[in-house]
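Okay, so here's the structure we're looking at.
The values are calculated or read from the model by the stated rules, or taken from the named source; none is laboratory data. Note that this is a predicted model, so its numbers are computed, not measured. Don't worry about glycine lacking a Cβ; one is built from the backbone with ideal geometry, like all the others, and counts go over all protein chains shown.
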């Protein structure tokens with residue numbers, strides 16, 4: 001706890017802070033209760049949430065108490081931050097189901113033992129609010145002019161900002177006030193895009209309670225190639241293994257650009273800082289070992305060691321014949337390919353398919369037209385044989401040990417089990 005702030009800064013978690021020296025002193029002198037909110041807008045958290053989850057986990061390991069706030073109430077409104085149009089209003093039943101999934105996923109990152117962490121839902125105090133009383137007691141402290149000065153609202157004014165969305169900042173600020181009153185919460189954290197909302201909550205505590213609270217945001221994570229975190233070639237990268245299989249999750253991290261390895265090791269693993277720097281400094285072929293370590297560590301945190309080992313074994317098997325040009329050769333004999341995503345197709349049905357139709361049945365392609373483009377661009381392979389014709393029939397005799405190994409590009413694999 002001696003210098004927890006320095007520990008966060010060293011790992012790259014600190015971007016903006018309302019009072020850096022004041023927060024440094026507070027974190028160094030006592031256990032601090034802090035929170036991050038997660039609106040239940042989808043059936044699963046995704047990789048875009050991972051930095052905030054790891055930030056909470058690291059700060060807890062440094063001696064402080066996290067509150068994971070599930071936005072069962074605020075999700076009913078919809079955060080306009082970073083949006084060019086209003087979010088779709090979800091049924092309450094869907095929000096509740098999403099919130100339950102979030103709880104299970106967050107529990108993998110934090111220790112919820114006695115007095116160590118809390119998980120609460122803001123529907124507890126938002127759902128039953130008396131609107132007139134809320135406007136009189138809380139709304140009076142907000143300036144419309146100041147709210148419109150924040151980038152979130154300025155951007156939305158160009159495309160249209162609904163009154164319901166305009167209330168979001170007030171509700172998030174009220175969350176901070178309630179957590180301060182109920183649990184002594186003194187720090188709210190989030191991504192840089194949440195700065196305006198977090199500062200507004202900090203100011204509300206000062207106005208209503210006359211108490212000092214703090215705001216801290218982390219830089220939004222993008223890859224060095226410009227791609228937004230949370231997206232893979234197949235779409236969103238979810239933490240739910242039913243939505244993104246552990247093998248695909250592992251492969252995402254195994255294939256990040258070289259320039260991102262050190263940054264991701266620091267923010268998304270628990271490896272010591274010195275080791276993260278050492279691995280991130282590797283170059284050329286040696287950096288592949290660092291990427292493999294990165295993928296294993298993150299997959300282990302999210303899905304457990306058994307799934308991480310299975311994904312690593314499957315990846316090593318699939319890439320056992322890697323050539324010097326970066327393309328794979330034949331898969332390694334006896335490799336543990338069970339972790340590679342798969343689909344069982346009867347031999348009779350398989351014999352009636354074209355190669356493009358087969359690829360369209362897998363997660364390697366999103367549609368038949370996507371599969372045809374893959375073949376036409378020379379990126380489709382079956383057992384390391386390039387597919388050159390979209391109408392090329394699939395030969396069941398290609399199967400080895402009852403399976404076909406499909407590849408899209410250099411690094412994406414899928415198994416077809418011939419029934």
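Some values worked out for this structure:
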| read-out | value |
| --- | --- |
| Within region 1-64, helices (runs of 4 or more DSSP H) holding 2 or more residues that are under 14 Å from the mean Cα position of the chain (by Cα) and outside the structural domain of residue 248 (by TED's automatic domain parsing) | 50-61 |
| Filter result for residue 343 (part of a helix (DSSP H, G or I) and modelled with pLDDT of 90 or more) | no |
| Qualifying helices (runs of 4 or more DSSP H) (wholly inside region 100-208; at least 1 residues being closer than 30 Å to residue 21 by Cα) | 144-149, 151-157, 168-183 |
| Complete set of residues in region 364-408 that are more than 33 Å from the chain's Cα centre (by Cα) and in a strand (DSSP E or B) | 385, 386, 393, 400 |
| Flag if residue 253 is outside any strand (DSSP E or B), at pLDDT 90 or above and under 13 Å from the mean Cα position of the chain (by Cα) | yes |
| Candidates 216, 239, filtered to the one that is in contact with a strand residue (DSSP E or B) (Cβ under 7 Å, 6 or more places away or on another chain), at pLDDT 95 or above, surrounded by 14 or more Cβ atoms within 10 Å (Cβ to Cβ) and within 30 Å of residue 414 (Cα to Cα) | 239 |
| Filter result for residue 134 (modelled with pLDDT under 95 and either crowded, with 17+ Cβ neighbours inside 10 Å or more than 19 Å from the chain's Cα centre (by Cα) (or both)) | no |
| Residue that is surrounded by the fewest Cβ atoms within 10 Å (Cβ to Cβ), among those in region 391-402 that are touching a strand residue (DSSP E or B) at 6+ places or on another chain (Cβ under 8 Å) and at pLDDT below 90 | 402 |
